[in-house]
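Quick one: this structure, given as structure tokens, is what I'll be asking you about.
The values are calculated or read from the model by the stated rules, or taken from the named source; none is laboratory data. Model, not experiment: these values are computed from the prediction. Please note: Cβ atoms are built from the backbone with ideal geometry, for glycine as well, and neighbour counts cover all protein chains shown.
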Amino acid sequence: MFEYYTAIFFISVATLIILALLVKENGRLTAEQKRSFRLTYLIISLAALMEWLGLLLDGAPLCTRYLHIIIKCAGYILNFSIASFFAIQINEKGWVKKHLRNFMCIAVVILIISLPFKAIFYVDGNNIYHHGKYYYVYSVIYVIMWFLLLIGFLHFGRKYERHNIISMICISLLVLVCTIIQQFINIKGIRTCFLSVSIASVLLFIHYEEFYQQKMDEERKKKTILLEKDVLTGLYSRYAYNKQLNKYKSEPMPEKMCVLLFDINGLKKVNDTKGHEMGDALIYATGASLKEAVANQGQIFRTGGDEFVILLDLSHYSLEQFNKQKQESLKKYQKDLQGLYNNEIRLAMGVAMVKDYPTYTLEQLVEIADKRMYEDKARFYRENHIDRRRN
């Protein structure tokens, strides 16, 4: 049986060494996280070594009896500390970590006090290791600590997907079941604790990597959302617009889509005479009006300054309906600006229909709509005898 456990011991330690190398080579972990992982693996390896040495010294010459006792004490203390180091590894900073530390201290004190009374364990005159009368106290504390760690795992996994939480429970149950088999059932001296802890270390590292990747994905998603939203209007931003341009370089445009460009007439005069805050209010009102007109029939982007691009789906909507709703919305927001801006909000508009240019990319359609928008703007200034350079 000793030869069998020796093989288990070396496999477990080799696994932890490989894990430590993986941690060292991991570019996403911080230096503090790496230290936490490596220290946990070291504690597990030392605890396994103490158990292996204890088996080796069991029944050895009497001159090794006190060494045997010291090694068993060290093994017990290291066993108590494993759960605490796992808690540090998952960055558990709440009450779980605090209680684990308290239980560890209590267990160590009980162990030291019990030594003269042979209550937890003792090594007899033949240098044979035995469980003491109150060995179950050690086992119960050990199992409680793993239950506490299970709660810590649940707290850690709660921030991520549900299936991750279930697998975290399974990892903890693996260690708990193997610990119970060794500590309470003890079938023919089968020792499963450190093998299960080594396997749990591998699985926990895999989960930690997955959790870290999920966290990065969530942060990237939040940043993308921020990039895709225009701060002033809440509409899609230039960044989101550029993504659409790239998308439709390789994909054909939907046949029933049209591209609309808008620009506010007279914004320069508003900025010059009433200030840029009033100009921003005018841009916001225009964006909100266009958004209401688009409803859920397309996308609207603020591409810069007072310029807006709309990709309008005409499958169940028409330009006439859009223009009607646009005018109603502009009048509504015009009332909100009364006292600040009493002129009518006037927009220059350019349209390009996909059905008229079925082979064109979005960028080419925008160029057509842009040209028509500036023709419309020039016509507005000309018909109203306005000097465009001052407006």
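Do any helices (runs of 4 or more DSSP H) entirely within the stretch 240-343 hold 1 or more residues that are touching a Leu at 6+ places or on another chain (Cβ under 7 Å) and modelled with pLDDT of 90 or more, and if so, which?
Passing ranges, in order: 276-294, 319-336.
Can you tell which of Ile199, Ile225, Ile206 is modelled with pLDDT under 80 and part of a helix (DSSP H, G or I)?
When all the criteria are applied, what remains is Ile225.
Pull up the stretch 4-32, narrow it to residues that are at pLDDT below 85 and in a helix (DSSP H, G or I), then point me to the one that is surrounded by the fewest Cβ atoms within 10 Å (Cβ to Cβ).
Tyr4
Go through the stretch 118-135 and give me each residue that's over 17 Å from Ala60 (Cα atoms) and assigned to a loop (DSSP other than H, G, I, E, B).
Lys118, Ala119, Ile120, Gly132, Lys133, Tyr134
Considering each residue of the stretch 51-74, count those that are within 48 Å of the chain's Cα centre (by Cα) and acidic (Asp, Glu), and give that number.
Total satisfying the criteria: 1.
Then there's this: Working carefully through the options Ile120, Ile141, Ile82, find the one that is surrounded by 15 or more Cβ atoms within 10 Å (Cβ to Cβ), within 27 Å of the chain's Cα centre (by Cα), assigned by TED's automatic domain parsing to the domain that holds Gln182 and touching a residue at least 24 places away in the same chain (Cβ under 8 Å).
It is Ile82.
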